[in-house]
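The values are calculated or read from the model by the stated rules, or taken from the named source; none is laboratory data. Because the structure is predicted, anything quoted here is derived from the model rather than measured. Cβ placement follows ideal geometry from the backbone for every residue including glycine, while neighbour counts extend to all protein chains displayed. With ligands, DNA and RNA removed, areas are computed over all heavy atoms of the protein, side chains included. Shrake-Rupley method; radii C 1.70, N 1.55, O 1.52, S 1.80 Å.
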Amino acid sequence: MFRKLEKNPPLFVCLSFFALILLGAILLNLPIASADGNSIGFLNALFTSTSASCVTGLIVANTATQWTVFGKIIIITLIQIGGLGTMVFLSLIAMVLNRRIGISERRIIKEQTSADTSKGIVKLVIYIIKFSLTVELVGAILLATKFIPDFGLKKGILFSLFHAVSAFCNAGFDIIGNSLVDYVDDITVNLVIALLIIIGGLGFTVFIDIYRKKKFKNLTLHSKVVISISAILLLVGTFAYFLIENNSGSMESLTLKGKILSSFFMSVSARTAGFNSIDIGKMQESSVIVTIILMFIGASPASTGGGIKTTTFGILLFSTISVLRGNDETEIFHKTISRDALLKSLCIFSLGSAIVVFASLWITIIESGKFLYLDILYEIVSAFGTVGVSRGITSNLSPMAKLILIILMYLGRVGAATLGVGILDNHRKKHTKYSEGKIIVG
C-alpha cells in the first residue's frame, strides 16, 4: 500500500495532510487541551485541527480563552507544519535523524513544493525551513516591541512568536481574543503582520528567484506574474475598501491614517490570512463581495496560502484579453503561455467555482433560512480559500454544515485538482485522437 502511494505523489500529499489533521483532532479533543478541563468534542476538535493544519483561521471557539497552553502549542505546531507542508516537515525530521531522502520522497516533496525538478530538492527544503524561521523570528522581534509593553515580558514574547508564525503561514489564528481590532491604528503591528502575510503568500520559489536574479526584468515568468497580480490585487483591494468603508460603521470612527491602514490591511488579509483590524460584521455588502472575490483568488503557488492562486487568475485574465484582441496565443510579458497551463487554470477555476456553488447551496438548505445567503457564501469561500475571516456564523452552524466547512478547508489547502489527479491516477485511459468537431461558442 505504501509503495503504491509513493508512486502517486499527489495522493500521498493529500493523505499526509489528512493524517496531520486527524492527529491534531485527537490531541485537541483531550480535556487537558481545553481551559475548562472538559473535552471540546471531537467534531469541534476536528474543525479546529483542520483550520490550523490547512492554515485557515475559522474557529468554533475563541482561541485565546478556549485552549490551555497545551492546546495553543498544538494549534501553532499544526499551523507551522501545515504552512510549510507536511513533506517539508518530514524531510526535516529525516535530516535531523541523518536519514537519506530517497527518490520517492523527493518526488513527493517536488509535488508539494511545486518545484520544477527533483534535482536539488534537499537544498530547497533547507532553504524553505531557514527562510521561514528567519522571517518569523524577525517578525516576532518587531511585534515584541509592541506586545511586551502591553502584555509583559513572558506573555509578550509568546504572543509575538505565535502571531508571527500565524501571520507568515497565513493562518489568521490569534490569542489576543479579538484579532487585531485593538491595534487598528498601530502602524507597527499592522505593517509587520501585513508584510509577514505578503511574504508567506508570494511563495518560496519567488524569493529564491529574487535572491538569484535581483532585478524584476531578469525574473522568471512565474515570479513576474505572481508579483504583478499580487500588487494589482493589493492596490485594487485597498482602494475598494477605502472607497466603500470610508464613512460606514466599520471605519467611520477612525482617523484618516486609521482608515488607510485598515483598508490596506484588509486588502492584504482578505486574500488568504484571516486577521482583521475592523469589525467585519459592520462592513457594507459591497465590501463583502470584494472580500469574497479576493478570498477566492487567494495567494500564490508554493506559498503558505490557499485559493485558486494568483497565477491561475493571471493566466485566465491575460487569456481573456488575448481572445478579445483576436490573438491565437495567450501572451504574458512577451512569453507565450502553454496550452497545458491554460487548461489546468480553467480546470482549477471550474472546480473551485463548482465546489463553492454546491457547498453554498447545500449549507443554505441545511440551515434553512437561519443565516443570510451572503454570509453563508462568505463563510464558504473563506473556508475554501483557507482565509479564515467570518461574519460571525461559524460557531452557530449545525454539525453537518461544520463538516462541509472541514471538507472545504481540506480541499482548499491540498487543492481540489491535486486530490482529483491523485484519485484518478490509476484510471487514466490511453489517449485516442478523434476528428475535430465544431461547436458554436458565445
| message | Looking only at the range 316-349, count every residue that is surrounded by 13 or more Cβ atoms within 10 Å (Cβ to Cβ), among the small types (Gly, Ala, Ser) and within 27 Å of Leu411 (Cβ to Cβ) and tell me the total. | response | 3
| query | For the range 152-190, what are the residues that are in contact with a helix residue (DSSP H, G or I) (Cβ under 8 Å, 6 or more places away or on another chain), in a helix (DSSP H, G or I) and aliphatic (A, V, I, L, M)? | reply | Ile157, Leu161, Ala164, Val165, Ala167, Ile187, Val189
| request: Determine, yes or no, whether Leu397 is crowded, with 19+ Cβ neighbours inside 10 Å, modelled with pLDDT under 95 and under 20 Å from Leu15 (Cβ atoms). | output: no
| query | Would the range 303-315 turn up any residue that is exposed (fewer than 15 other Cβ atoms within 10 Å of the Cβ) and free of Cβ contacts under 8 Å to residues at least 60 places away in the same chain? | reply | no
| task | Please indicate, with yes or no, whether at least one residue in the range 141-156 is of a type in the set (A, V, I, L, M), surrounded by 19 or more Cβ atoms within 10 Å (Cβ to Cβ) and in contact with a His (Cβ under 8 Å, 6 or more places away or on another chain). | result | yes
| request: Under 9 Å between Cβ atoms, at least 6 apart or on separate chains: pull out the pairs that start in the range 286-302 with a residue that is in contact (Cβ under 8 Å) with a residue 60 or more places away in the chain and assigned to a helix (DSSP H, G or I) and end on any residue that is surrounded by fewer than 19 Cβ atoms within 10 Å (Cβ to Cβ) and among the polar types (S, T, N, Q). | output: Phe296/Ser353
| task | Can you give me the ranges of the helices (runs of 4 or more DSSP H) entirely in the range 1-91 with at least 2 residues that are in contact (Cβ under 8 Å) with a residue 12 or more places away in the chain and open to solvent by 10 Å² or more (accessible area, probe 1.4 Å)? | result | 9-28, 42-53, 63-66, 69-84
| request: Check off (1) more than 19 Å from Val381 (Cα to Cα); (2) assigned to a helix (DSSP H, G or I) for Leu254 and give me the number that stays unchecked. | output: (2)
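From the list Lys224, Lys214, which one is over 16 Å from the mean Cα position of the chain (by Cα), modelled with pLDDT under 90 and more than 24 Å from Ile141 (Cβ to Cβ)? Explain how you work it out, then say what you get.
Working: Lys224 fails: modelled with pLDDT under 90.
Selected residue: Lys214, the only one of Lys224, Lys214 that is over 16 Å from the mean Cα position of the chain (by Cα), modelled with pLDDT under 90 and more than 24 Å from Ile141 (Cβ to Cβ).
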| request: Identify the residue in the range 132-177 that is polar (S, T, N, Q) and closer than 20 Å to Thr68 by Cβ and, among all such residues, is nearest to the chain's Cα centre (by Cα). | output: Ser166
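Every residue, every condition in (1) more than 24 Å from Ser223 (Cα to Cα); (2) within 21 Å of the chain's Cα centre (by Cα), yes or no:
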site: Ser287; (1), (2): yes, yes
site: Ala299; (1), (2): no, yes
site: Lys309; (1), (2): no, yes
site: Arg325; (1), (2): yes, no
site: Glu331; (1), (2): no, no
site: His334; (1), (2): no, no
site: Cys347; (1), (2): no, yes
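The rows are residues; the columns are (1) farther than 22 Å from Gly24 by Cα; (2) at pLDDT 90 or above; (3) surrounded by 21 or more Cβ atoms within 10 Å (Cβ to Cβ).
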{"residue": "Gly388", "(1), (2), (3)": "no, no, yes"}
{"residue": "Gly392", "(1), (2), (3)": "yes, no, no"}
{"residue": "Leu405", "(1), (2), (3)": "no, yes, yes"}
{"residue": "Arg413", "(1), (2), (3)": "no, no, yes"}
{"residue": "Thr418", "(1), (2), (3)": "yes, no, no"}
| message | I'd like to check something: does the range 218-234 contain any residue that is open to solvent by 50 Å² or more (accessible area, probe 1.4 Å), touching a residue at least 24 places away in the same chain (Cβ under 8 Å) and under 30 Å from Phe47 (Cα atoms)? | response | no
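Can you name every residue in the range 257-285 that is aliphatic (A, V, I, L, M) and in a helix (DSSP H, G or I)? Give the derivation first.
Kept after step one, since they are aliphatic (A, V, I, L, M), are these residues of the range 257-285: 260-261, 266, 268, 270, 273, 278, 280, 283.
Ile260, Leu261, Met266, Val268, Ala270, Ile280, listed by residue number.
Considering only the range 191-230, state which residues are among the hydroxyl-bearing types (Ser, Thr, Tyr) and closer than 16 Å to Ala299 by Cα.
To start, the set of residues in the range 191-230 that are among the hydroxyl-bearing types (Ser, Thr, Tyr) comprises 205, 211, 220, 223, 228, 230.
Of everything in the range 191-230, those that are among the hydroxyl-bearing types (Ser, Thr, Tyr) and closer than 16 Å to Ala299 by Cα turn out to be Thr205, Ser223, Ser228, Ser230.
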